[in-house]
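So the structure is just underneath, and the comments pick up after that.
The values are calculated or read from the model by the stated rules, or taken from the named source; none is laboratory data. All of these numbers come straight from a predicted model, not from anything done at the bench. Virtual Cβ from ideal backbone geometry, glycine too; neighbours counted across all protein chains shown.
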Amino acid sequence: MTAADVWLSIPPDEIDGLPDGPRYLFWNGDEDYPADPADCAFYVVPYMKPSEVAVRPMPLMRSVRVVQTLSAGTDNVEPGLRHLSEGVRLCNARGVHEASTAELTLALILASLRGVPEFVRAQDEGEWRGGAFRPALADRTVLIVGYGSIGAAIEDRLVPFELARVARVARSARTTERGPVHPLTELASLLPQADVVVLSTPLTEGTRHLVDAGFLARMKDGALLVNVARGAVVDTKALLTEVESGRITAALDVTDPEPLPAEHPLWRAPGVLITPHVGGPTSAFLPRAERLLRDQLRRFVNQEELGNVVLVTGAERD
């Protein structure tokens, strides 16, 4: 491969085993670019930066062949793809966030069902508030909406909890070792059966506001909605109506808008647990991100097929 610039959002001297050939440059969203964006052939998008930061150099990247995110979702960079030439591969970070996001999902479910936020508030006030029975995860039915690698990792961690059932929904039907994956067209019939509904689907035009008033109305009384996908998968206004009535509860690692403004009523809605989009950034992130980048760059330098390709610019999307 002809020598070319690779922009990394992790300092290159911290990643062992990068292949020889490219010039590795560090850029994590600073105002100044490390070199001329026109010479960048492989762009690793800054992690946990706003979309406007991720997209800013893309109109100038006339030679870029690969855009690699370090997030599972790619919606933050897709607005910049229209500036790129045909044939640019957009790759996501499948394999990086499964462990961390699945751990947080279990934490949100258990904390919500067992009333942990109430106990933390009681501890702050020095009060002993016990005695009430709380819902257990055991014997419950969990519906996972979005059964990609993260959805599968969530189910892996649910296995020891003696669930009554796990139902799985994805864009299209298929069969896995754990059982069938239902298509989105069957979602309406599955919702009334679920005690816990977990959202782990990518944000696309097809999933934006997937969780609307109709979706929420089909959830059973007392059910828990858990969102570790993207905030805009949920219609926030519709969700507020349901949680303020007390009919369902919610645990949200992502919100719409995000960050959630201090005055937003979702902060104070009853039965709502909010974490500030922390599903990915844990100690598990860096070694998995570095492993992904080493592998992708080895493939790139050797002109081999890349992994995790989400789309190719100029090609028809499924």
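Observations on the model:
- A search for C-beta distances below 6 Å between a residue of segment 219-246 that is touching a residue at least 40 places away in the same chain (Cβ under 8 Å) and any residue that is hydroxyl-bearing (Ser, Thr, Tyr), counting only pairs 6+ apart in sequence or on different chains, returns Leu224/Ser112; Leu224/Thr249; Val228/Thr101; Val228/Thr105; Val228/Ser200; Ala229/Ser200; Ala229/Thr201.
- Restricting segment 206-262 to residues that are acidic (Asp, Glu), surrounded by fewer than 19 Cβ atoms within 10 Å (Cβ to Cβ) and in a loop (DSSP other than H, G, I, E, B), the residue that is farthest from the chain's Cα centre (by Cα): Asp221
- In summary, Ala72 fulfils each of the numbered conditions (1) part of a loop (DSSP other than H, G, I, E, B); (2) modelled with pLDDT of 95 or more; (3) under 28 Å from Ala153 (Cα atoms) with the single exception of condition (2).
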